[in-house]
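No value in this document is a laboratory result; all are computed from the given coordinates. Just so we're clear, the structure is a prediction, and the values are computed from it rather than from any experiment. Glycine also receives a Cβ, built like all others from the backbone with ideal geometry; neighbour counts cover every protein chain displayed.
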Amino acid sequence: MSTRDIPERYSRQVRFPGLGPDGQRRLLEGKVTLIGCGALGTVLANALVRAGVGFLRLVDRDFIETNNLQRQILFDEQDVASNLPKAEAAARKLRLINSGVTVEPVVTDVDRTNVLDLVRDADVILDGSDNFEVRYLVNDAAVKLGKPWVYGGCIGSHGQTMTILPGQTPCLRCVFEAAPAPGEAGTCETAGVLGPVVNVIASYQATETFKLLAGRLDRLNRDLVYVDVWENVNRRIKIANLLGKVDCPCCQRRRFEWLEGEHGSHTTSLCGRNAVQVAHRSATRLNFEELARHLEALAEVSYNRFLLKFVAEGFEFTVFPDGRAIIKGTSDVDRARTLYARYIGH
Ligand SMILES: [Zn+2]
């Protein structure tokens, strides 16, 4: 592709000397897997697709709720009414924004059985998730495969981000050896979250992705960047010297504890949502028509190609074709398992 062949829509980016035509070409040939399509994820996807990143795989397990609209910039009221999974709704919107790139939505829960396949062909992995379990899993996969990934997290009015280049910078576990215990860190429900801080952190992450794809590793952020938009704090924490200095189980000893299932659970209480996700261990394919018929007498059921919803005993069930369900109204994992068994089966 010569400079002449680069579409005019990218002209302002091509004129930016840090990228230029070569950088733009590399973005157009770039492949990114984005894990999570919520607050950070929608801002990231928007930035990448507008910039012309050629292939974007969007992975998300969730559906859209009204309280997402305050910060999840790709969604609108119609998406809530349509009961669409986030990955699917985002992909539809992104294709309208830029028909020249490929967007692949994947509605699934990222776990140790699928994470390697989801990231194997990506040049860069992006964290748009809201929980540490997924981040440690992504960290394991990225270090194992030697792929760069960009961590980001936000809560309240603050957020942080770092870029991990396996072998060249410390990994997530070098910096945070263990996930905060449940209840130790705040959640978006208890502490809330401001839309603008999400945009700040995601913008750092998106720019890091441009640098990684364009081969401008000389410009990478090698610190832990911390921003609080309410308290007017901007901090850079030097972490580069941690590489090789801490006895990191992941990047030094190459023990991939999350990937190998030593950590992590299958049924998960969702970050501050008063909801539990119950996943199915064996791959299955639910027949919604049949399930709806069974449930008809007990509850009002609605479904489309992507999900089935019903309310029973005051709990709101959202069921996905792979057998996974999100049960709202409890954060008690055992209770959720019982409810799952009662209404959906084993
Ligand atoms: Zn490490």
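Any idea how many Lys pairs in the chain come in under 25 angstrom at the alpha carbon, given 8 or more places apart or on separate chains?
16
Sum -39500 (n - 2.57) across every DSSP H segment of at least 4 residues in the chain, then divide by the residue count to get the 222 nm mean residue ellipticity, nearest 500. Let's see the in-between values first.
On the way: 12 runs with 110 residues, N = 346.
Taking each H run of at least 4 residues, the total per residue is -9000 deg cm²/dmol.
Show log10 I(q)/I(0) for the chain at q = 0.15 Å⁻¹, two decimals, from a solvent-free Debye sum over equal Cα scatterers.
-1.33
Using 0.36 nm per residue of separation minus the Cα-Cα distance, give me the extension gain between GLU29 and ALA178 in nm, one decimal. Each step should come with its number before you reach the end.
Numbers: separation 149, 0.36 × 149 = 53.64 nm, distance 3.56 nm.
Between GLU29 and ALA178, full extension yields an extra 50.1 nm.
In 10 Å bins starting at 0, how do the alpha-carbon pair distances of region 290-342 split up by percent?
All Cα pairs considered, the percentages come to 24, 61, 15.
Report the label-to-label distance for GLN168 and VAL311 in nanometres (one decimal), using points 7 Å from each Cα along the Cα→Cβ vector.
Between GLN168 and VAL311, the label points sit 5.3 nm apart.
Which residue fluctuates the most in the chain, going by a Gaussian network model with Cα springs under 10 Å, if the choices are ASP111, ASP60, ASP332?
Looking only at ASP111, ASP60, ASP332, the biggest GNM fluctuation is shown by ASP332.
Could you work out how far apart the two model spin labels at ASP322 and ASN234 are, taking each label as a point 7 Å from the Cα in the direction of the beta carbon, and quote it in nm?
4.0
Compute the distance from the alpha-carbon center of region 195-243 to that of region 111-170, in whole Å.
What the calculation gives is 14 Å, centre to centre.
Starting from the Cα-Cα distance between ASN274 and ARG255, subtract it from 0.36 nm times their residue separation and give me the gain in nm to one decimal.
Values: separation 19, 0.36 × 19 = 6.84 nm, distance 3.31 nm.
Taking ASN274 through ARG255 to full extension adds about 3.5 nm, to one decimal.
Would you mind calculating the gained length between ASP332 and ARG95 on full extension (0.36 nm times residue separation, minus the Cα-Cα distance), in nm to one decimal? Walk me through the numbers before you get to the answer.
On the way: separation 237, 0.36 × 237 = 85.32 nm, distance 3.86 nm.
Stretched fully, the ASP332-ARG95 segment lengthens by 81.5 nm.
Once R0 is set to 56 Å, what does the formula 1/(1 + (r/R0)^6) return for the Cβ-Cβ distance between ASP223 and ASN304, expressed as a FRET efficiency to the nearest 0.05? If you can, show how the numbers build up before the last one.
On the way: r = 45 Å, r/R0 = 0.80.
Efficiency for this residue pair is about 0.80.
So what is log10(I(q)/I(0)) for region 107-176 at q = 0.20, 0.25, 0.26 1/Å, when the Debye sum runs over its Cα atoms only?
With one equal scatterer per Cα and no solvent, log10 I(q)/I(0) is -0.80, -1.20, -1.28.
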